[in-house]
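The structure appears right after this line, and notes come after that.
The values are calculated or read from the model by the stated rules, or taken from the named source; none is laboratory data. Computed from a prediction, not measured in an experiment: that's the story for all the values here. With ideal geometry, Cβ positions are generated from the backbone for all residues, glycine too; neighbour counts draw on all protein chains shown. Heads up: the accessible areas ignore ligands, DNA and RNA and are worked out on the full protein's heavy atoms, side chains in. Shrake-Rupley method; radii C 1.70, N 1.55, O 1.52, S 1.80 Å.
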Amino acid sequence: RYLPEYRQVRQKVGSFLGMSQDPVIAAEITCQPLKRFDLDAAIIFADILFIPEAMGAGLSFVTGEGPKFANPCRELKDVHALNEVNIQDQLGYVLEAIDRTKSQIQVPLLGFCGSPWTVATYMVEGGTTKDFRQVKRLMYEQPDTMQLLLDKLSSASVDYLSAQVDAGADALMV
């Protein structure tokens, strides 16, 4: 994010989501560090919060504050309201970015997703937090609801990572 060429793209596109959800731009940004540094791998330009976005949690990025969810998951009804994720349809832009990047690089490409716990904390809190009050409350007061959310995220994460391998990722990180 500190590279001048990244900043130029960011200024032109205007938003992190806009850059990461455009496979051409995401592939370009993934390759930028390789043109400056002798690196042994590249990491696909994406975000750990794309799965909850695909589930309907309403992801946005607020300048200076980070990610925010319009629809936090704080009750059983919220978890039940989450959409099932169709990786190809809803996260295909990441898969296309992987495919495009692979054709441009000579080093391994790493795919990734956030751990279900980390992603769940963002979803329950509604964004970044320092005290994790909402997720602690859910975990202690409604452990079955928390487990259901973690199960849904785990299942979607497995599907997402498998699709990244199919698209050409050489290794994966959680």
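One table, with the values for the structure above:
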| read-out | value |
| --- | --- |
| In region 37-52, the residues that are in contact (Cβ under 8 Å) with a residue 12 or more places away in the chain, open to solvent by 40 Å² or more (accessible area, probe 1.4 Å) and more than 15 Å from Leu95 (Cα to Cα) | Leu39, Asp40 |
| Among the candidates Leu150, Leu110, Leu161, residue that is touching a strand residue (DSSP E or B) at 6+ places or on another chain (Cβ under 8 Å), of a type in the set (A, V, I, L, M, F, W, C) and within 20 Å of Met55 (Cα to Cα) | Leu161 |
| Cβ-Cβ under 6 Å pairs, at least 6 apart or on other chains, region 161-174 side touching a residue at least 12 places away in the same chain (Cβ under 8 Å) and open to solvent by 30 Å² or more (accessible area, probe 1.4 Å), far side among the aromatic types (Phe, Trp, Tyr) and in a strand (DSSP E or B) | Met173/Phe112 |
| Checking Glu28 against (1) open to solvent by 70 Å² or more (accessible area, probe 1.4 Å); (2) assigned to a loop (DSSP other than H, G, I, E, B); (3) not aliphatic (A, V, I, L, M), the condition it does not meet | (2) |
| Long-range neighbours under 9 Å by Cβ, at least six apart or interchain, first residue within 22 Å of Gly56 (Cβ to Cβ) within region 128-151, second open to solvent by 30 Å² or more (accessible area, probe 1.4 Å) and of a type in the set (Val, Ile, Thr) | Val135/Thr129 |
| Test for Val9: is it in a helix (DSSP H, G or I), of a type in the set (Val, Ile, Thr) and touching a residue at least 24 places away in the same chain (Cβ under 8 Å) | no |
| Qualifying residue in region 75-98 (condition: open to solvent by 40 Å² or more (accessible area, probe 1.4 Å), at pLDDT below 95 and at negative phi) | no |
